[in-house]
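If you scroll down you'll find the structure; I have some questions about it.
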Amino acid sequence: MLTAHQVLHGYTIGIFPMADPDEDNQLFWYEPKLRGILSLDEFHCPKNLKKLYEKGGFNYLINNDFEATIKACADREETWISDEIIEVYSALNQMGYAHSFEVYQENELVGGLYGVALGKIFFGESMFHKVSNASKLALCFLVDWLKQNHFTLLDCQFQTQHLKQFGVKELPQKQFLNLLKQALK
């Protein structure tokens, strides 16, 4: 059984756990050769999204319902977020390391993301949306919070087309480990 302390240690050395649905949700540690990272000063919020974020109509909360957020992230046809992952990250949330950034519309959770904060780095894990743009709004909320709290880096694990539009870049793992070392000081 994976423990919260093992996950924290994994993050400090540049690896993270994922369940493999093809292997009966067995957990494996991952260390991508290319790491998707976002330097917070290079965050790009598209103009229309920025208007939506600033306009209102949504409420933004941190850790209001961590369990509902992680379960919503897992609620898809194929997922690496197993029951064991949910249990471990919920424990990390209770310990003050894992956080959910949630987007509400009319008191309903419509989008969000979760991850782990250590030192001055946030390790983003997964995001979801039930209404258009809600996961993107959660990302904007997260980045604002990270900047206000003097974080330096957002680890996105992998660069995707979706994340690329926000300024997420790929770095070789060795470069990532150097940035990680600085962010953990």
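Within the range 105-135, which residues are open to solvent by 50 Å² or more (accessible area, probe 1.4 Å) and not in a strand (DSSP E or B)?
GLU106, ASN107, LYS120, LYS130, SER132, ASN133
If HIS99 satisfies all but one of (1) outside any strand (DSSP E or B); (2) touching a residue at least 12 places away in the same chain (Cβ under 8 Å), what's the number of the condition it fails?
(1)
Looking at the range 1-11, which of its residues are in a loop (DSSP other than H, G, I, E, B) and modelled with pLDDT of 95 or more?
Keep residues of the range 1-11 that are in a loop (DSSP other than H, G, I, E, B), which gives 1-3.
Residue satisfying the conditions is THR3 alone.
Going through the range 146-176 one residue at a time, which ones are assigned to a helix (DSSP H, G or I) and either open to solvent by less than 60 Å² (accessible area, probe 1.4 Å) or among the charged types (D, E, K, R) (or both)? It would help to see each step written out before you state the result.
As a first pass, look at the range 146-176 and keep what is assigned to a helix (DSSP H, G or I): 146-148, 161-164, 173-176.
Of everything in the range 146-176, those that are assigned to a helix (DSSP H, G or I) and either open to solvent by less than 60 Å² (accessible area, probe 1.4 Å) or among the charged types (D, E, K, R) (or both) turn out to be LEU146, LYS147, LEU163, LYS164, GLN173, LYS174, PHE176.
Evaluate the range 78-91: report whether one residue or more is crowded, with 22+ Cβ neighbours inside 10 Å and in a strand (DSSP E or B).
No, the range 78-91 contains no residue that is crowded, with 22+ Cβ neighbours inside 10 Å and in a strand (DSSP E or B).
The values are calculated or read from the model by the stated rules, or taken from the named source; none is laboratory data. Bear in mind the structure is a predicted one, so any value in this text is a computation, not a measurement. Virtual Cβ from ideal backbone geometry, glycine too; neighbours counted across all protein chains shown. Remember, those area values only see protein heavy atoms, side chains included, never the ligands or the DNA or RNA. Shrake-Rupley method; radii C 1.70, N 1.55, O 1.52, S 1.80 Å.
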